[in-house]
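Notes to accompany the following structure.
The values are calculated or read from the model by the stated rules, or taken from the named source; none is laboratory data. Just so it is clear, the model here is predicted, and its values are computed rather than measured. Virtual Cβ from ideal backbone geometry, glycine too; neighbours counted across all protein chains shown. These area figures cover heavy atoms from the full protein model, side chains too; ligands, DNA and RNA do not enter into them. Shrake-Rupley method; radii C 1.70, N 1.55, O 1.52, S 1.80 Å.
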Amino acid sequence: TMAHSKNFLVLENFIGGKFVPCSSYIDSYNPSTGDVYCRVPDSGKEEVEAAVKAAKDAFPIWSSKSPLERSQILNKLADLIEHDLEAFAQAESKDQGKTITFARTVDIPRAVYNFRFFASSILHHVTECTEMATMGCVHYTSRAPVGVAGLISPWNLPLYLLTWKIAPAIACGNTVVAKPSEMTSVTAWMMCKLLDKAGVPHGVVNVVFGTGAKAGEALVCHPDVPLISFTGSTLTAQRITEKSAPHCKRLSLELGGKNPAIIFDDADLSQCIPTTLRSSFANQGEICLCTSRVFVQRGIYSEFLKSFVQEAKKWKAGNPSDPTVDMGALISKEHLEKVKSYVKKAQAEGARVLCGEGVDSLALPAGNQKGYFMLPTVIAEVKDESCCMQEEIFGPVTCVVAFDTEEEVIKRANSVKYGLAATVWSSNVGRVHRVARRLQCGLVWTNCWLIRDLNLPFGGMKASGIGREGAKDSYEFFTEVKTITVKH
């Protein structure tokens, strides 16, 4: 297989500041054409062992740098990625299937901002101090980096979510071994090429490519990796929890969602419809925060549905590098089949598919006939018990159902195992606060979607994960706190 590999990009692991070839490789596909795009190292125990050793060796020097020194390096890295923004965006779009527009305006700018944000926030954390005058004691806290952080990131927002972990981990003085998804490893590899230039000392950031079953498992089971930050599926998280339990590792798990949009009859539909289309179908519906259950109050249900379907039909799916398309390709052939199977199940249960999969025909350019494309799909009259209303589909499929009362919709919105995000549409301020308080999820957006302040906690309840990420929360996760008492 290696003989004809010169037509592909061949990635190498980045360990101790050097690119290291691997003994075996995995094919990674371009989702918009169905062809092999690059070859990714199929790393295992040995490679992870080398990376952890490099990270351990680099820890004393990196952790003893001042926050300001680390901050300057993070800012330099941000500048270098920003300088190559177009190349990164092209690579992300080709590797992941997302539109070039989305990569250019969301993924890469956010990756740059992740470094800038933590470069800034690390300078402003303060520790606590309390006095016990009657006892003649002063107590204070000090924080120190934990050690080698294992970071495992998913394929939907590859560089965006990888940097969301690397930035706080190294800002706090830890060193890292990161494993991106084997399906989308190119932008992580491109970032590695910039680390030296940014002044990141060798061994501070190590990237090992490969599958979860081999490379991920080796990282999670390594005794010298005290903390694991993972974004991905609930199923994988269960495995990570089991495997890391014997080592008492610290875990941060950001998992799936089955996010509701709750649309009351006093909603401003001129804002609500375009935003709910975006929240359902942006990035092909492959965002953990995407809306997949739309509850509409009965008074406006038929008006909403008619308009929503009409607008969804205007979305164009096609070659991701075409700036006029709204949606690119799904990540893989297997994933596309899985997403389509949910639509078939809904039909079998008697639900109505109003547009998209199996209803409208998909016209693709000549070069994209074998790509993994699907149109925005809207399903109505789905029962709450249906797997389409209970399980995370993670594709461009959303279910629209009617509700009558506030009390009823809160109960129905909460009746899934997930609890990541929700959107509420209403012009009644009292109702907005009442509903937001009672929804079992970590994030509630009202009359908007995906507006983020990185200072604030990000994460979910129930099966959507453990822990939070954000300025203060990431700092707490990536440092160990110590209470010191002095009697004078």
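Side notes on the structure shown:
- Only residues that are open to solvent by less than 10 Å² (accessible area, probe 1.4 Å), assigned to a loop (DSSP other than H, G, I, E, B) and over 28 Å from P158 (Cα atoms) were counted in the range 253-294, giving 1.
- The C-beta contact set for the range 208-234 (first residue closer than 12 Å to C248 by Cα, second residue of a type in the set (S, T, Y), distance under 8 angstrom, 6+ apart or interchain) comprises V220/S244; C221/S244; L227/S252; I228/S244; I228/S252.
- Where strands (runs of 3 or more DSSP E) fall entirely within the range 51-170, those with at least 1 residues that are touching a Pro at 6+ places or on another chain (Cβ under 9 Å) are at 148-152.
- Some residue of the range 353-372 being within 26 Å of R298 (Cβ to Cβ), acidic (D, E) and at pLDDT 95 or above: no
- Any hit, the range 423-441, residues being under 16 Å from the mean Cα position of the chain (by Cα) and hydrophobic (A, V, I, L, M, F, W, C): no
- Screening K411, K340, K344, K306 for residues that are in contact with an Asp or Glu (Cβ under 7 Å, 6 or more places away or on another chain) and at negative phi leaves exactly one candidate, K340.
- Condition check for L375: among the aliphatic types (A, V, I, L, M), closer than 26 Å to W155 by Cα and open to solvent by 50 Å² or more (accessible area, probe 1.4 Å): no
- Within the range 1-28, tally of residues that are outside any strand (DSSP E or B) and either open to solvent by 60 Å² or more (accessible area, probe 1.4 Å) or modelled with pLDDT of 95 or more (or both): 14
- Given (1) open to solvent by 20 Å² or more (accessible area, probe 1.4 Å); (2) in a helix (DSSP H, G or I); (3) touching a residue at least 60 places away in the same chain (Cβ under 8 Å), number of the condition S321 does not satisfy: (2)
- For T423, the stated conditions do not hold, so it cannot be described as closer than 18 Å to R298 by Cα, open to solvent by 30 Å² or more (accessible area, probe 1.4 Å), modelled with pLDDT of 95 or more and of a type in the set (V, I, T).
- Looking at S229, S244, just one residue is over 19 Å from the mean Cα position of the chain (by Cα) and polar (S, T, N, Q), and that residue is S244.
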